[in-house]
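Colleague: Sharing a structure with you now.
The values are calculated or read from the model by the stated rules, or taken from the named source; none is laboratory data. Just so we're clear, the structure is a prediction, and the values are computed from it rather than from any experiment. Positions of Cβ are backbone-derived with ideal geometry, glycine not excepted, and every protein chain shown enters the neighbour counts.
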Amino acid sequence: MTTSPFPLMVLSTALGAVWLSGAQAQDATTLSPIVVTSEAAATPLQPGPAAERAKLQRVPGGTNLIIPQDEVKLVTLRDALDYQPGIVVQDFFGGIDQPRLNIRGSGIQSNPLNRGVLLMQDGLPLNQADGSFVIGLLEPRNARQISVRRGANALSAGATTLGGELDFQSFTGTGNDVISVEGGSFGRLGLHAAKGLEGEKLDGRVALSYDKAEGYRHHSDSERTAFHGNFGIRGENFENRTYISYTDLEFDIPTVVPKTRVWDDPRGVMGDQPGDQPNIYLRDPHRKTEQLRLANRTYWGNEDLNQTFGVYWQNLDDTFTDPTVSTPTKGDTYGAQWALNGKWNTLDYRLALDWARSDLDRDQYIVNPANGSNLKRFGDYSLQAENRSAMLGLQWHVTPQWSLVGDIKYTQAVRDTHDNNTGVNTDQDWSYASPRIGVIWQPDDRLRMFANISRSNEAPSYWEIITGSVQNPMMGLASTGVTELDVQRATTYELGAEGSLFDGRYAANWSLVLYRSNVENELMSLTNASGFGSAGTFNYTDRTRHQGIEAGLTGTLPGPAMGAFDYRIAYTFSDFRFRGGEYDGNRIAGVPRHMVSAELMYRKGGLRFGPNLRWMPTDTPVNHANVPGTEQNSYALLGFKVAYQHDKHWNAWLAADNLTDRRYISSYAIRNVSVATAPGYLPGNGRSISAGLSYKF
């Protein structure tokens, strides 16, 4: 994998500035910067935490509000989303690659590709119009907060999947002017710099980051360069903001190994032993993605009646190469959103329209098993995906304590496919309604209870529609095709509550949500014999059921020497089963049944330190037949963090992960039936140490 000289030059200058400043203040060691957003400076297009929390409290279902900069370590997406109930992140190889993000089993089958949730940047979608996304393009260090609406609680007109939506909201103006450097085990290096300007009516900000790692396993180098900028103008009852971003992401893929090698040689890959097939060193599986994105949003009006209009364009150049097939995809995505929000007496109302279209060209090449080059092109497609959505939402405040919430989304989804080799068109389109009705009871500020019934729908992406397989690479034997699929639909029942206990500095916040989703035509994607390439997708012919518990607890306890203990616990229970058909009664492979994340940090002054735990207490099936002996085994990973905030400028942290050097399976290939001796398992990272230093202007 080659390294671009430009980001190295720019960011080495930034690193030098940190080094020189550090020489003048060698004793300055602090925690990662905790950014406090000024509520006075909050605006409709850049709400602060209090405003966003008030917005989420009007949702009759499970939500999360995440402040990434509060984390001691903020290197990967897992660092930002850990300790959050209802959000499951399964590492691919633990870096800036493509972990499997899962909410309520949506997109459960899509590893290592992703679908099932709507990712947004500043209120506008990051997904392609077919629903797919490249999760490694996300940059949590540029997010002042992440707002999550789980399941059908999504607020966007175009968000209709079982998983919901995540909105990464950017820093603006002089918020978090910073320069930072971090590094650690497995060749990890991360550089980040951001600077803004802010006036009475104008503001702007630019941020540049560079990340590189050699990886824990063989053939797992990764590199990412990202630029983010935004510019805003504000007036009375008016705001306009323009966003620009560019990301260049590249990583090698170590792929899967037989289960025994997870314990015997967790760093190894296929090709380390004589006769290994496929040989990863020769076939060179990797992914290289570039994305350029422009977006603009405008708000006008007041609290009683306002409108928001947004447009965006993004260009994608993505090449995904597994051990047998290389799939380059190039194209553009366009989108527009409009929303009207108003109040009339005790009724809040909302109208919204959403349009998105992607024009993509996708090829398929046979990978040369001798050197990883492209041999014959056997697939050549022109793709056009389009979604047209409308939403009407109402919230009736029956009394100051009781609210009834109802909304309905109507969507037309188009997935047109043209095979340039045969001239055959396969046009698929669906129309569906996604209604929801809920109730909120909030007797006081310390308790909020809610319930809702909803309908979700998810159309397939092109990663499910288009298939490709290689029978004999040297003879050029390969096949490709288009699969006609139906929409995955679900009816979900949800009940929950959240609130606070005690008062003052030792208050505790808790949340508890129970849900059950009865799913029809669930999209099932399987991997091929190599353990990595797709073996096709189908709609399960009978019913499936997703149900679970999402619970969280955070708070503070008194500590010795006038200090305090800050604690966080998140528990996600996922019981996903087949309710008929071939695998009746079996568990659906893909998501841990129990997942616990916990942290306890002692805090005194600017010092914080303490242990953390990520625990999967039971085995997880990796195939739908639930074959004994093939499971992902239970594990517990222990970590420790130390952070110190010297003053308002200097911060530093030190973190150790997997202290016991536990060998475990972080993720796996999902199949109908599998055997433990076949490649199908991804070893998790071993013991690692990382550290970071930052200076805030």
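Colleague: Which one of these does R141 not meet: (1) in contact with an Asp or Glu (Cβ under 8 Å, 6 or more places away or on another chain); (2) in a helix (DSSP H, G or I)?
Modeller: R141 satisfies all of (1) in contact with an Asp or Glu (Cβ under 8 Å, 6 or more places away or on another chain); (2) in a helix (DSSP H, G or I) except (1).
Colleague: Being over 11 Å from the mean Cα position of the chain (by Cα) and at positive phi is the filter here; which residues of the range 73-119 pass it?
Modeller: Y83, G86, G94, R104, G105, G107
Colleague: Being in contact with a Lys or Arg (Cβ under 9 Å, 6 or more places away or on another chain), at pLDDT 95 or above and either in a strand (DSSP E or B) or surrounded by fewer than 21 Cβ atoms within 10 Å (Cβ to Cβ) (or both) is the requirement here; does F640 meet it?
Modeller: When the stated conditions are applied, F640 does not pass them.
Colleague: Okay, moving on. Residues in the range 245-302 that are under 30 Å from the mean Cα position of the chain (by Cα) and closer than 27 Å to T225 by Cα: how many?
Modeller: Of the residues in the range 245-302, 31 are under 30 Å from the mean Cα position of the chain (by Cα) and closer than 27 Å to T225 by Cα.
Colleague: So which of N521, N472 is among the polar types (S, T, N, Q), at positive phi and surrounded by fewer than 22 Cβ atoms within 10 Å (Cβ to Cβ)?
Modeller: That would be N521, the only listed residue that is among the polar types (S, T, N, Q), at positive phi and surrounded by fewer than 22 Cβ atoms within 10 Å (Cβ to Cβ).
Colleague: Return yes or no: is G158 under 21 Å from R614 (Cα atoms), surrounded by 24 or more Cβ atoms within 10 Å (Cβ to Cβ), touching a residue at least 24 places away in the same chain (Cβ under 8 Å) and over 13 Å from the mean Cα position of the chain (by Cα)?
Modeller: No.
Colleague: So the check is Cβ under 7 Å with 6+ separation or different chains; which pairs have a first residue in the range 51-71 that's under 11 Å from N153 (Cβ atoms) and a second one that's of a type in the set (K, R)?
Modeller: Short answer, once both residue conditions are applied: V59/R149; G61/R150; G62/R150; T63/R149; T63/R150.
Colleague: Among the candidates A490, A561, A478, A497, single out the residue that is surrounded by fewer than 14 Cβ atoms within 10 Å (Cβ to Cβ), in contact (Cβ under 8 Å) with a residue 24 or more places away in the chain and out of contact with any Pro (no Cβ under 7 Å at 6 or more places or on another chain).
Modeller: Exactly one residue qualifies, and that residue is A561.
Colleague: Quick check on F227: is it within 30 Å of L693 (Cα to Cα), of a type in the set (F, W, Y), touching a Gly at 6+ places or on another chain (Cβ under 7 Å) and surrounded by fewer than 23 Cβ atoms within 10 Å (Cβ to Cβ)?
Modeller: So F227 does not fit the description; no.
Colleague: When you look at D91, is it charged (D, E, K, R), at pLDDT 90 or above and more than 30 Å from Y299 (Cα to Cα), yes or no?
Modeller: Answer is no for this residue.
Colleague: Looking at Y462, Y540, Y506, Y515, can you tell me which residue is exposed (fewer than 15 other Cβ atoms within 10 Å of the Cβ) and aromatic (F, W, Y)?
Modeller: The conditions single out Y506.
Colleague: Might you let me know whether the range 623-630 holds any residue that is among the hydroxyl-bearing types (S, T, Y) and in a strand (DSSP E or B)?
Modeller: no
Colleague: Residues of the range 644-668 being in contact (Cβ under 8 Å) with a residue 40 or more places away in the chain and in a loop (DSSP other than H, G, I, E, B), which ones?
Modeller: H646, D647, K648, H649, R663, Y664
Colleague: May I ask you to list pairs of residues, at least six apart or on different chains, whose Cβ atoms are under 7 Å apart, with the first in the range 198-210 being closer than 11 Å to F227 by Cα and the second being outside any strand (DSSP E or B) and among the acidic types (D, E)?
Modeller: S209/E139
Colleague: Among the residues in the range 555-564, are any touching a Ser or Thr at 6+ places or on another chain (Cβ under 8 Å) and of a type in the set (S, T, Y)?
Modeller: Scanning the range 555-564 turns up no residue that is touching a Ser or Thr at 6+ places or on another chain (Cβ under 8 Å) and of a type in the set (S, T, Y).
Colleague: Let me ask something else about it. Which condition number does A194 fail, the rest of (1) buried (at least 20 other Cβ atoms within 10 Å of the Cβ); (2) not in a strand (DSSP E or B) being met?
Modeller: The single condition A194 does not satisfy is (2).
Colleague: Report the residue count in the range 210-244 for those that are of a type in the set (G, A, S), out of contact with any Lys or Arg (no Cβ under 6 Å at 6 or more places or on another chain) and assigned to a strand (DSSP E or B).
Modeller: Result for the range 210-244: 4.
Colleague: Has the range 446-456 got at least one residue that is surrounded by fewer than 17 Cβ atoms within 10 Å (Cβ to Cβ) and over 19 Å from G496 (Cα atoms)?
Modeller: The answer is no; no qualifying residue exists.
Colleague: Ok, one more. Failed condition for A529, given (1) surrounded by 15 or more Cβ atoms within 10 Å (Cβ to Cβ); (2) modelled with pLDDT of 95 or more; (3) more than 24 Å from the chain's Cα centre (by Cα), with all others met?
Modeller: Of everything listed in (1) surrounded by 15 or more Cβ atoms within 10 Å (Cβ to Cβ); (2) modelled with pLDDT of 95 or more; (3) more than 24 Å from the chain's Cα centre (by Cα), A529 misses just condition (2).
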